[in-house]
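J.: Supplied in structure tokens, the structure appears directly below.
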Amino acid sequence: MADQHAIGSRRGLKPALPLLLPAYLWLTVAIFLPLSAMVFFSFMTDLPLAGREWAFTLDNYAAFFSQSLYLTLLLASLRLGLEVTLWCVVIGYPAAYVLAKVLKGRSREAIFLLVILPFWSNGLVRIFSWAMVLREGGILDTALNAVLPFKINIDLMYSYPAVIIGLVHSYVPYMVLTCYLTLQAIDDSLIEAGRSLGASRRQVLWRVIIPLSMPGLIAGAALIFVPVVGSFMEPRILGGRTGTFYGTVIEDQFVAVFNWPLGAALSFILLAVVLVILAVASPMLKRAA
Amino acid sequence: MAGVQVANVSRSFGAHRALDNVSIDFADGGFYALLGPSGSGKTTLLRQIAGFDFPDTGRIAIGGESVERVPVEKRRIGMVFQNYALFPNMSVADNVAFGLSVRGEPKASIAAEVQRALDLVQLGKLGGRRPHQLSGGQRQRVALARAIVTKPRVLLLDEPLGALDKALRVDMQIELKRIQREIGITTIFVTHDQEEALTMSDRIGILRDGRLVQEGPPEEIYDRPQSEFAATFLGDANIFRGDATGNGIRLPDGTTIAAASGPSLAAGARASCAVRPERIQISTGAAKPDADNANTLKGQVSKRIFAGNNSTYFVDRDGQTLKVIVQNTGAERLAEGQPVVLSWSPDSTVLIAAG
Ligand SMILES: Nc1ncnc2c1ncn2[C@@H]1O[C@H](COP(=O)(O)OP(=O)(O)OP(=O)(O)O)[C@@H](O)[C@H]1O
Ligand SMILES: [Mg+2]
């Protein structure tokens with residue numbers, strides 16, 4: 001009997017293999033191979049191209065610790081990630097709530113489309129249109145001056161706020177979508193039960209709805225925080241001289257300085273830091289819920 | 001504790017009138033069942049009383065005070081939902097404590113009250129569990145404990161036993177009734193199940209298409225239905241249609257049926273008579289019917305369904321199939337196809353004006 005069971009369970013995997021194979025193959029080719037190449041590079045003195053000399057070294061990792069600039073930039077990037085994530089929660093969660101619990105039918109579909117539109121537009125187009133809006137004499141400046149009786153100067157271009165605005169705009173759909181899914185799953189009768197027990201709308205929100213939507217908030221935060229910490233496009237284009245972050249430094253190593261080994265090492269340090277943060281933060285958030 | 005007055009309440013959704021001029025007085029401390037087919041407006045009425053939804057016209061008062069402008073959380077009601085609606089992120093004890101803690105009561109007194117409420121529903125030991133670790137009947141009892149722990153003025157239950165199986169349902173009916181009596185709370189209970197309504201409540205209101213069809217104690221509605229709908233919806237009834245004669249009706253074939261109760265109708269008006277299947281005596285014609293069984297009809301047994309303690313006979317008579325329920329006393333059973341005589345007393349017959 002016991003033997004049969006063992007055989008049965010092993011046999012259970014086999015028919016699934018042909019189905020799983022394409023996925024594993026794809027993972028191997030698309031992610032694992034390039035990533036291991038990068039790990040390899042990060043321990044080299046130089047790229048093994050055009051017959052150049054190379055050797056194994058730890059210098060690339062040591063560079064991070066010997067130059068305080070990298071740590072400063074990493075902290076700035078982490079702060080950027082945190083701020084953008086917070087703004088995405090502040091903007092995305094209420095939007096998701098309205099979508100899931102207030103709007104019905106047609107209007108819900110229309111607003112949903114507006115929310116995910118940034119997803120479908122090209123990243124560069126999105127960023128350059130913000131540049132047109134935010135610069136002096138740009139759309140925001142002109143519009144405000146047309147409406148207001150006094151003269152004001154709006155020039156957000158090449159500033160930290162511009163970077164935040166651009167990033168929040170790019171990433172807020174993630175928060176809206178993940179929160180929408182969890183909010184959608186909360187039965188309206190839970191809200192009514194809370195109210196019937198004497199809780200105000202606000203109390204129901206804090207004690208029932210937000211705790212129950214924590215998984216969506218955490219998923220959204222992780223989806224946003226990680227790429228924002230390593231982002232380089234928005235900081236570069238919208239931030240100008242103020243837009244030097246950890247991500248832009250990594251990008252420089254790959255496209256400008258052509259020091260791939262250092263770029264790779266910096267990326268893996270970032271990856272490690274982000275993983276540690278996620279590992280520490282998510283159980284804490286879950287317990288708080 | 002308080003009574004609830006619903007006066008001329010109407011509520012429409014678009015062109016659909018979910019409630020049409022409904023007036024009911026729910027007495028203080030009473031157990032009231034709202035009965036009606038699906039879509040008749042039972043939930044809608046309950047939601048108006050709870051304050052989740054508001055009437056287009058009409059007034060609702062709880063404890064004599066109009067609640068038009070009172071939001072749900074200030075109405076001091078307890079509500080039990082059909083799907084239990086327990087908070088999945090909280091333990092059983094925290095679920096029960098919710099209503100007390102949002103009121104800012106001190107922690108120590110909350111714990112004591114929660115324990116008392118859980119003991120009342122016989123779940124004293126399960127406070128630490130999560131809702132998903134409970135059976136259906138246990139969840140139901142947590143929902144009840146949660147609703148009554150805040151000492152609401154009115155308890156509203158929307159088909160609270162609908163999701164339970166038959167045996168558990170009966171247990172919960174008894175328990176619910178016991179708890180209701182113990183705390184003496186005005187209770188409004190929505191149900192599909194006529195038996196549940198009959199056995200549990202002091203009064204029953206029957207709704208149909210948003211209108212209150214009839215309202216009163218269970219015995220009164222069962223014995224003296226005022227419409228064919230009430231007669232057939234609450235319990236089973238044989239309906240005869242004909243013209244009013246003054247003390248009954250005349251069927252199209254000339255047979256008269258005498259009725260002792262019902263409205264006085266002008267002779268010749270369209271009317272019907274309702275007779276409960278268990279009030280009809282069935283015999284082969286050899287035996288004499290009871291002396292006061294003034295109403296008699298001849299027919300033929302078309303089918304018999306044996307159900308242990310009783311049997312149901314379907315008797316064909318002039319194109320109509322009548323239903324007769326006979327207690328199983330061990331007497332001789334009638335065969336299908338056998339000619340029979342049906343007889344019953346005018347006291348068991350209710351005259352109903354054509355609707
Ligand atoms: N929010 C709403 N919007 C539109 N129509 C509604 C709404 N709520 C109820 N109705 C309609 O009002 C009528 C009465 O509904 P209600 O839920 O009160 O019925 P019910 O008697 O509780 O039925 P059931 O026994 O199936 O629960 C139904 O026809 C329903 O479709
Ligand atoms: Mg209903």
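J.: Considering only helices (runs of 4 or more DSSP H) fully contained in region A:165-232, which possess at least 3 residues that are within 12 Å of chain B (Cβ to nearest Cβ), at negative phi and surrounded by fewer than 24 Cβ atoms within 10 Å (Cβ to Cβ)? Break it down into steps so the answer makes sense when it comes.
T.: On the way: elements: A:188-196, A:201-204, A:214-229.
Ranges flagged: A:188-196, A:201-204.
J.: What's the number of the condition B:Asp20 fails, among (1) part of a strand (DSSP E or B); (2) over 18 Å from B:Gln214 (Cα atoms)?
T.: Of the numbered conditions (1) part of a strand (DSSP E or B); (2) over 18 Å from B:Gln214 (Cα atoms), the odd one out for B:Asp20 is (2).
J.: Turning to a different aspect of this structure: Among the residues of region B:48-65, are any away from ligand 1 (no atom under 16 Å from the Cβ), assigned by TED's automatic domain parsing to the domain that holds B:Arg178 and under 19 Å from the mean Cα position of the chain (by Cα)?
T.: No.
J.: Kindly provide the set of residues from region B:171-200 that are within 16 Å of ligand 2 (Cβ to nearest atom) and either in contact with a Cys (Cβ under 6 Å, 6 or more places away or on another chain) or in a loop (DSSP other than H, G, I, E, B) (or both), ordered by number.
T.: Residues of region B:171-200 that are within 16 Å of ligand 2 (Cβ to nearest atom), as a first pass: B:188-194, B:196-197.
Matches in region B:171-200: B:His192, B:Asp193.
J.: Looking at region B:82-110 only, could you name the residues that are under 20 Å from B:Pro152 (Cβ atoms) and not in a loop (DSSP other than H, G, I, E, B)?
T.: Listed by number, the residues that qualify are B:Val92, B:Ala93, B:Asp94, B:Asn95, B:Val96, B:Ala97, B:Phe98, B:Gly99, B:Leu100, B:Ser101, B:Ser109, B:Ile110.
J.: Hey, could you check region B:63-81 for residues that are within 16 Å of ligand 2 (Cβ to nearest atom) and facing another protein chain (nearest Cβ under 8 Å) and say which is surrounded by the fewest Cβ atoms within 10 Å (Cβ to Cβ)? Can you show your working first?
T.: Initial filter on region B:63-81 (within 16 Å of ligand 2 (Cβ to nearest atom)): B:79-81.
Subset that is facing another protein chain (nearest Cβ under 8 Å): B:79, B:81.
Values: B:Met79: 30, B:Phe81: 20.
Per the criteria, the residue is B:Phe81.
J.: So, one more: Please note which strands (runs of 3 or more DSSP E) are completely contained in region B:223-271 and include at least 1 residues that are more than 20 Å from B:Asn293 (Cβ to Cβ).
T.: Details: elements: B:238-244, B:248-250, B:256-258.
It comes to B:238-244.
J.: Keeping to region A:134-162, report how many residues are farther than 30 Å from A:Gly81 by Cα and part of a loop (DSSP other than H, G, I, E, B).
T.: 5
J.: Same structure, new question: Being within 29 Å of the chain's Cα centre (by Cα) and at negative phi, is that true of even one residue in region B:121-128? Please lay out each step first, then the result.
T.: Pass one, region B:121-128, residues within 29 Å of the chain's Cα centre (by Cα): B:121-123.
Retained after the next criterion (residues that are at negative phi): B:121, B:123.
The answer is yes, given that some residue of region B:121-128 is within 29 Å of the chain's Cα centre (by Cα) and at negative phi.
J.: Within region B:264-317, work out how many residues are within 30 Å of B:Ala354 (Cβ to Cβ), within 27 Å of the chain's Cα centre (by Cα) and of a type outside the set (D, E, K, R).
T.: Within region B:264-317, residues that are within 30 Å of B:Ala354 (Cβ to Cβ), within 27 Å of the chain's Cα centre (by Cα) and of a type outside the set (D, E, K, R) number 10.
J.: Could you list, in sequence order, all residues of region B:22-42 that are surrounded by fewer than 19 Cβ atoms within 10 Å (Cβ to Cβ) and either within 16 Å of ligand 2 (Cβ to nearest atom) or without any contact (Cβ under 8 Å) to a residue 60 or more places away in the chain (or both)? Even if it seems obvious, please write down each step before you answer.
T.: Keep residues of region B:22-42 that are surrounded by fewer than 19 Cβ atoms within 10 Å (Cβ to Cβ), which gives B:23, B:25, B:27-30, B:37-39.
Passing the criteria: B:Asp25, B:Pro37, B:Ser38, B:Gly39.
J.: Working only within region A:204-218, note down all residues that are in contact with a helix residue (DSSP H, G or I) (Cβ under 7 Å, 6 or more places away or on another chain) and more than 15 Å from B:Ala85 (Cα to Cα).
T.: Once the filter is applied, which keeps residues that are in contact with a helix residue (DSSP H, G or I) (Cβ under 7 Å, 6 or more places away or on another chain) and more than 15 Å from B:Ala85 (Cα to Cα), region A:204-218 yields A:Ser213, A:Met214, A:Pro215, A:Gly216, A:Leu217, A:Ile218.
The values are calculated or read from the model by the stated rules, or taken from the named source; none is laboratory data. Keep in mind it's a predicted model, so treat the numbers as computed, not measured. All Cβ positions, glycine included, derive from the backbone under ideal geometry; neighbour counts span all protein chains shown.
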